[in-house]
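What follows is one structure encoded as structure tokens, with my remarks underneath.
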Amino acid sequence: MENIASFLKTTISILITLAIISAGLFLWGKTQPVVELANSQAAAQARELSEQQYAAFDNQLVSGSQILTAYRRYESEQNFCLYVERPYVYGQPDSNRYISMNPSGDGYCRAFDYSAEAFKEGTGNDSNTVNDKMITDASGGFYISPQSRFRATLIKDHNERIAAIYFRAN
């Protein structure tokens, strides 16, 4: 009789343990979609917060002085470039019309297709990279007048990260 009682206690203990584990797994399975939704919403909010600093240039009409402001604002951004299509000036070569700027000064600006407003495929570099001194020198070939008007467009890379701002002359 003692063996049967011991066997029943052990069996009941194992069944209760299995029931508790099953209930835990069941609840864990039910909460996974909620956790995934919360993670995706948190990631979306984090992305929006990181992109908030570029909102001032998102499809906005800006002046030439704001291009210089953008250059100074994004000096700490690694691998971030500003692309500028300046207004046509009679007698000026097209090479001076399309310029790129890397505010941090580190690295290079990727090759950019100004007509498609997108990065060119491949790994080429933009050949006409200038700095802030060159665009503020009124006697230079790359001068951007503070009064000139540009349409700003945010450019995203293949990872949907904002990698550049394109300023097209209006």
Hey, what number do you get for the chain at 222 nm if only DSSP H runs of n ≥ 4 count, each worth -39500 (n - 2.57), divided across all residues, to the nearest 500?
-13500 deg cm²/dmol
Specify the angular offset, from 0 to 90 degrees and rounded to the nearest 10, of the alpha carbon long axis of helix 64-73 from the longest principal axis of the alpha carbons in the chain.
40
Stretchable slack from Ser139 to Val35, in nm (0.36 nm times residue separation minus alpha-carbon distance)
31.5 nm
For the stretch 83-97, Karplus couplings with θ = phi - 60° (6.51, -1.76, 1.60), whole Hz, Gly/Pro x
10, 10, 9, 7, x, 5, 10, 4, x, 8, x, 4, 5, 7, 7
Express in whole angstrom the spacing between the alpha-carbon centres of the stretch 1-57 and the stretch 71-149.
52
Here the gain from full extension of Asn159 to Ile12, 0.36 nm per residue of separation minus their alpha-carbon distance, amounts to 47.4 nm
Unit charges on C-beta of K, R, D, E only; dipole of the stretch 40-79, Debye:
80
Rounded to 0.05, the calculated FRET efficiency for the beta carbons of Tyr90 and Leu49 at R₀ = 35 Å is 0.20
Need the list of lysines near Lys120 for cross-linking: C-alpha distance under 25 angstrom, and skip anything on the same chain fewer than eight residues off.
Lys156
Report, to the nearest whole %, how much of the accessible area of the stretch 35-170 belongs to carbon and sulfur atoms, 1.4 Å probe, protein only.
47
Mind listing which trypsin sites (Lys or Arg not before Pro) in the stretch 122-170 are in a DSSP loop and have 14 or fewer other Cβ atoms within 10 Å?
Arg161
Using the Karplus equation 6.51 cos²θ - 1.76 cosθ + 1.60 (θ = phi - 60°), what ³J(HN,Hα) coupling, rounded to whole Hz, does each residue of the stretch 9-14 give in order, writing x for Gly and Pro?
4, 5, 5, 5, 4, 5
With +1 at each Lys and Arg Cβ and -1 at each Asp and Glu Cβ, the charge dipole magnitude of the chain around its Cα centre, to the nearest 20 debye, comes out at 240
With every protein chain kept in place and ligands, DNA and RNA left out, what is the accessible area per residue of the chain? Probe 1.4 Å, answer in Å².
65
Given R₀ = 45 Å, FRET efficiency for Ser22-Asp132 by Cβ-Cβ distance, to 0.05?
0.10
Where chymotrypsin sites (Phe, Trp or Tyr not before Pro) fall in DSSP loop in the stretch 83-139, at most 10 other Cβ within 10 Å:
Tyr88, Tyr90
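The values are calculated or read from the model by the stated rules, or taken from the named source; none is laboratory data. Quick caveat: nothing in here was measured; it's all calculated off a predicted structure. We place every Cβ from the backbone using ideal geometry, glycine too, and count neighbours over all the protein chains shown. What goes into the accessible areas is simple: the full protein's heavy atoms, side chains included, and nothing from ligands, DNA or RNA. Shrake-Rupley method; radii C 1.70, N 1.55, O 1.52, S 1.80 Å.
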